Amino acid sequence: MTAPVSITSLNHWFGGFHALKDIDLDIRAGEYITLLGPSGCGKTTLLSVLGGFITPTQGTVSIGGRDMTRVAPAKRPTTTMFQDYALFPHMNLRDNVSFGLRMAGVDKSARYKRAGAMLELVSLADAALKRPHELSGGQRQRVALARALAVEPDVLLLDEPLGALDLKLRRAMQDELKSIQRQLGTTFVHVTHDQEEAMAIADQIVVMNAGSIEDQGAPARVYREPATLFAADFMGEMNHIPATAGPDGVVTPFGALPQRVDGPKAVACIRPEAIKLGDGPVQIGGAKIKEAAFFGTYIRAHLVPDVAPDVILVAHLPPGDLPETGARMTLSAEPQAFHVYAVGD
Amino acid sequence: MRVLPWLYFVLAFAFIYLPVGTLVLFSFQDGILPVPPFNGPSLRWYSEVAADDDLISALANSLLIATASSAVAVVLGFCAAYGLARHVLPGSVFMRGLLIAPLTVSYLIIGLGLLIVLTRAGLGLSLLTVAIGHVVINLPLAFAIIYASMGAQQQNAERAARDLGAGEAQVVWLVTVPMVLPAIAAAFFLSVTFSWDEFIIAFLLTRFDVTLPVEIWSLLRSGLSPRLNAVGSLVFLVSVTAVILLELFVFRKRRP
């Protein structure tokens, strides 16, 4: 089961704190979307609004075309997978997973059958009679997933579900979450502060900051063409080059760029992997290695360009021998690799 | 120098348990005075206790009051703890203080207050009035123990239960109560032991049907006898049983 979600002009205040500002968001049925942002950006508040745990001060939430703004969590076609899993410690896994069906009045044999199938889906079928404390963190996380999915929600809300797992397990669970979502077709809304996780898993990324949506779109689009400076910085490492408005775009220490901005001051951004060795259309010119480190698939180098010695560029150079500090090289880039944003004073 | 800690250990425990040990020992005295030398062992005083209808009915009264008043105190304590832990109420700090405050008032004052109020209210003194008194002294304890056990862990599980369609009564009964059951049981068993050997309030608030401590007190007025030791040993046995149950079913479960 699956449903689209639509959020219209949503605002929420906690006392005097404006936690969500004019949120408009449409999620298509069956989509996997992540709400990405730093702590305190409002992503968890937005998820709580979707789940019905917070009634927003203004605005509407509709799920599957029905207004759900003021409907209690129990009556919504959503379930939440909580950050700490919130399993019932006094029940075995089968009773945990079938709890929602028990509340819905499904008889015992039917709900145990369904719980068995859900535990099978998360590869825990043979642990049905264990208690949560007998499981590892990753296994508890799977039980929480099975419990939330057992009631066949239209929308599954995941609150930093992988936050407590170690890196390797997290990567494995990302793949598993995505494959389960594909299998069921349920709409997944996943909150995270890890941009790599968001890119690995999502069809759509919504970047949030200070209660507002900064950017939303497919991971590759948000990474390559971020709508705002915040989104550009949050999605990965970014070089900042000061720029000013010129006659045909902006002027940087490395020459003119065609991108236009509103306002006199701007910043031109370029990803480390977009800086190339050798000559090219935008000539960064000679630069001196400040330090360099080997990262396996590339060498990450800090470089001081001759024309702008106060700008330190981070570049991913092809893997090879580690260049020595003070070594010189010539750098360049394509003009469309730069993103230019106006900045205030 | 390893001797000193052991010496301290033995002395401390002798100080605590010697009186009780003597009491129990001389309950098996084969003679009419519970004083050395010990001639025994004999069960004659226990059979006398068993044949004494007043003592046996006092013992039954005490058991009834201990369990019933503790059950009421625990239910009320749980409701208060749940309300104050889960809802933002006006003046909740004040309410919490007011609930715990009776712990600091002496039993004599509570007993006198209840005696005045209950007789003015036209409620004759009976086992019911003692039970009310014991609810009054055990409610703060039950509230404090259960309230302290209510943390964010249960709150998240309660949220999850609501999210999965549980109504408020189902949340409390299926999630909150089982999760804080160790605290509920601890509060219950402690209340039972307090009510079981409480004397002052029971003395002030009973008339014809009395509890065991009051019966023992009236027996004491006719002088020492190994029969009293036997009754005292039985009282001690019940208290110890409650503490052992507490240890077995509550504290041991904490360790997974």
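The values are calculated or read from the model by the stated rules, or taken from the named source; none is laboratory data. This structure is a prediction, so every number in the text was calculated from the model and none was measured. Neighbour counts run over all protein chains shown; Cβ positions are idealised from the backbone, glycine included.
Restrict the check to the range B:210-227 and report whether at least one residue is part of a helix (DSSP H, G or I), farther than 30 Å from B:L123 by Cα and either aliphatic (A, V, I, L, M) or not assigned by TED's automatic domain parsing to the domain that holds B:A152 (or both). Yes, because at least one residue in the range B:210-227 is part of a helix (DSSP H, G or I), farther than 30 Å from B:L123 by Cα and either aliphatic (A, V, I, L, M) or not assigned by TED's automatic domain parsing to the domain that holds B:A152 (or both). The residues of the range A:212-233 that are under 25 Å from A:L331 (Cβ atoms) and either touching a residue at least 60 places away in the same chain (Cβ under 8 Å) or among the acidic types (D, E) (or both), listed by number, are A:E225, A:P226, A:L229, A:A232, A:D233. If a residue must be closer than 19 Å to B:L23 by Cα and among the aromatic types (F, W, Y), how many such residues does the range B:187-229 contain? Residues meeting the conditions: 3.
Every residue, every condition in (1) farther than 12 Å from B:T193 by Cβ; (2) loosely packed, with under 14 Cβ neighbours inside 10 Å; (3) out of contact with any helix residue (DSSP H, G or I) (no Cβ under 9 Å at 6 or more places or on another chain), yes or no:
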| position | (1), (2), (3) |
| --- | --- |
| B:T206 | yes, no, no |
| B:V210 | yes, no, no |
| B:P213 | yes, no, no |
| B:I216 | yes, no, no |
| B:L224 | yes, no, yes |
| B:V231 | yes, no, no |
| B:F236 | no, no, no |
| B:T241 | no, yes, yes |
| B:E247 | yes, yes, yes |
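As a summary of the residue check, A:L165 satisfies the conditions (1) in a loop (DSSP other than H, G, I, E, B); (2) crowded, with 24+ Cβ neighbours inside 10 Å; (3) away from chain B (no Cβ under 14 Å) except for the one numbered (2). Quick check on the range A:208-228. Is at least one of its residues more than 28 Å from A:D166 (Cβ to Cβ), outside the structural domain of A:L20 (by TED's automatic domain parsing), touching a Ser or Thr at 6+ places or on another chain (Cβ under 6 Å) and in a strand (DSSP E or B)? Among the residues of the range A:208-228, not one is more than 28 Å from A:D166 (Cβ to Cβ), outside the structural domain of A:L20 (by TED's automatic domain parsing), touching a Ser or Thr at 6+ places or on another chain (Cβ under 6 Å) and in a strand (DSSP E or B), which makes the answer no.
With respect to the conditions (1) under 18 Å from the mean Cα position of the chain (by Cα); (2) within 13 Å of chain A (Cβ to nearest Cβ); (3) not aliphatic (A, V, I, L, M), B:E168 lacks only one, and its number is (1). Each residue in the range A:320-345 was checked for being under 29 Å from the mean Cα position of the chain (by Cα), loosely packed, with under 14 Cβ neighbours inside 10 Å and modelled with pLDDT of 85 or more, and 1 of them qualify. Please give the number of the condition A:L156 fails out of (1) at positive phi; (2) part of a strand (DSSP E or B); (3) surrounded by 20 or more Cβ atoms within 10 Å (Cβ to Cβ). If we test A:L156 against (1) at positive phi; (2) part of a strand (DSSP E or B); (3) surrounded by 20 or more Cβ atoms within 10 Å (Cβ to Cβ), just (1) comes out false.
Looking at the range B:48-59, can you tell me whether even one residue there is farther than 16 Å from B:E215 by Cα and part of a helix (DSSP H, G or I)? No.
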